[in-house]
Amino acid sequence: MIEVLKPGFLTTVQDRGRWGYQSFGVGIAGAIDSFALAAANLLVGNREGDAGLEMTLVGPRLKFHKDTILAITGADFNPMLEGNSFPNWTCHLAAAGSTLSFGGKKKGVRAYLAVAGGIEVPLVMGSRSTYLLGQFGGFKGRPLKAKDLLPLPPLARETHNLIGTHFPEKLGPPYEKNPTLRVIPGPFADFFSEEGIRIFFSTEYTISPQSNRMGYRLQGEPVTRSKPEELITCGLANGTIQVPPDGQPIILLADRQTIGGYPIIATVIQADLPLIAQGGPGDKLRFKSVTVDEAREAYLKLWGNLKNFKQSVLSLPRSALNEPSL
């Protein structure tokens, strides 16, 4: 098992989310940077959607009560085993009794810890993700606290063959500070003035401190409307950008509500969602319009890199591991 000595700022158990329940008002949740979690899982021989830890801004301090194969991806919080730094995006062995800590944030906002076999908290509606808004799933429906004990499955001997495996940076998202996010415009362009749309695509926005896993509130030149009214309601997706009456856009994320009435000006493409995940309060971003075909091509390229990594690098017999469902 893993013992939580210090919980960090906001550390939760997440997988790829709780799908199939939005019609009942249940949000998807899951990792905000789903690519980083998937890569960490592949590095330790898991399925890409197995449960790991999402760590935010300040990493936790964890003690491993048995030998554990692990990998950390996403943000760089300077991870250390027994006080010795080790690289992100690489598979490592944490010996029984060893302690994982973090020296401080170097780059990014969210880091992901995967362990061989995944974290075995109970399934709730087919997922182990923590849904903070609903206070269920994950570990007791909440962020981790000191003295929590996370259950782990038995460690397959063959997973030791993965130690030292590295995920090349060139295969991952183009993480950068103050990114330009590609978006699909619409579907409610008629709610915005021509000037409002121009403002949206020309303004540099700042991520507000009033941001969380539900969504990022942005601060910048207000987007002007051509219609003052709101929608009755409509379905929402990860990356949906709503514009409330004050004209300040909101990018919806993993813990978003399932429906909403603010008009949608655009949606961030799937391939650029990891870039949002690694931005935090005070960081800047801009928007760039692309076509649906361009968005599809970017998605296939990024997630194709993950598939190619699995096929070319992970060579353990699949009978010894959980087959990644790419």
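The values are calculated or read from the model by the stated rules, or taken from the named source; none is laboratory data. Just so it is clear, the model here is predicted, and its values are computed rather than measured. So basically every Cβ, Gly included, is an ideal-geometry build from the backbone, and we count neighbours across all protein chains shown.
Pairs, please: C-beta under 7 Å, at least 6 apart or cross-chain, first residue surrounded by fewer than 16 Cβ atoms within 10 Å (Cβ to Cβ) and in the range 289-309, second polar (S, T, N, Q)?
Qualifying pairs under 7 Å: Y299/Q270.
Considering only the range 102-120, I want to know if a residue exists there that is modelled with pLDDT under 95, surrounded by 15 or more Cβ atoms within 10 Å (Cβ to Cβ) and over 21 Å from D33 (Cα atoms).
Checking the range 102-120: not a single residue is modelled with pLDDT under 95, surrounded by 15 or more Cβ atoms within 10 Å (Cβ to Cβ) and over 21 Å from D33 (Cα atoms).
Of all residues in the range 135-188, count the ones that are within 19 Å of A94 (Cβ to Cβ) and not assigned by TED's automatic domain parsing to the domain that holds E54.
Matching residues across the range 135-188 total 0.
Just to verify a result, which residue in the range 164-181, among those that are among the polar types (S, T, N, Q) and not in a strand (DSSP E or B), is surrounded by the most Cβ atoms within 10 Å (Cβ to Cβ)?
T165
Among residues belonging to the range 139-163 that are out of contact with any Cys (no Cβ under 7 Å at 6 or more places or on another chain) and within 18 Å of E48 (Cβ to Cβ), point out the one that is surrounded by the most Cβ atoms within 10 Å (Cβ to Cβ).
It comes out as T159.
Do you know which residues across the range 1-32 are more than 13 Å from S129 (Cα to Cα) and either touching a helix residue (DSSP H, G or I) at 6+ places or on another chain (Cβ under 7 Å) or of a type in the set (S, T, Y) (or both)?
Y21, S23
Pairs under 6 Å by beta carbon, first residue under 22 Å from L42 (Cβ atoms) in the range 88-112, partner aromatic (F, W, Y) and not in a loop (DSSP other than H, G, I, E, B), six or more apart or different chains?
A94/F64
Six or more apart or on different chains, Cβ atoms under 6 Å: show the pairs whose first residue is in the range 60-82 and farther than 19 Å from L152 by Cα and whose second is of a type in the set (K, R) and surrounded by fewer than 23 Cβ atoms within 10 Å (Cβ to Cβ).
Listed pairs, sorted by first residue: D76/K106; D76/K107; F77/K105; N78/K106.
If you go through the range 181-229 one residue at a time, how many are hydroxyl-bearing (S, T, Y) and out of contact with any Lys or Arg (no Cβ under 9 Å at 6 or more places or on another chain)?
Adding up the residues that qualify gives 3.
Have a look at I199, I241, I232 and point out the one that is at pLDDT 95 or above and surrounded by fewer than 19 Cβ atoms within 10 Å (Cβ to Cβ).
When all the criteria are applied, what remains is I199.
With respect to L123, determine if the residue is assigned by TED's automatic domain parsing to the domain that holds A51, modelled with pLDDT of 95 or more, farther than 26 Å from P281 by Cβ and loosely packed, with under 15 Cβ neighbours inside 10 Å.
Against the criterion (assigned by TED's automatic domain parsing to the domain that holds A51, modelled with pLDDT of 95 or more, farther than 26 Å from P281 by Cβ and loosely packed, with under 15 Cβ neighbours inside 10 Å), L123 qualifies.
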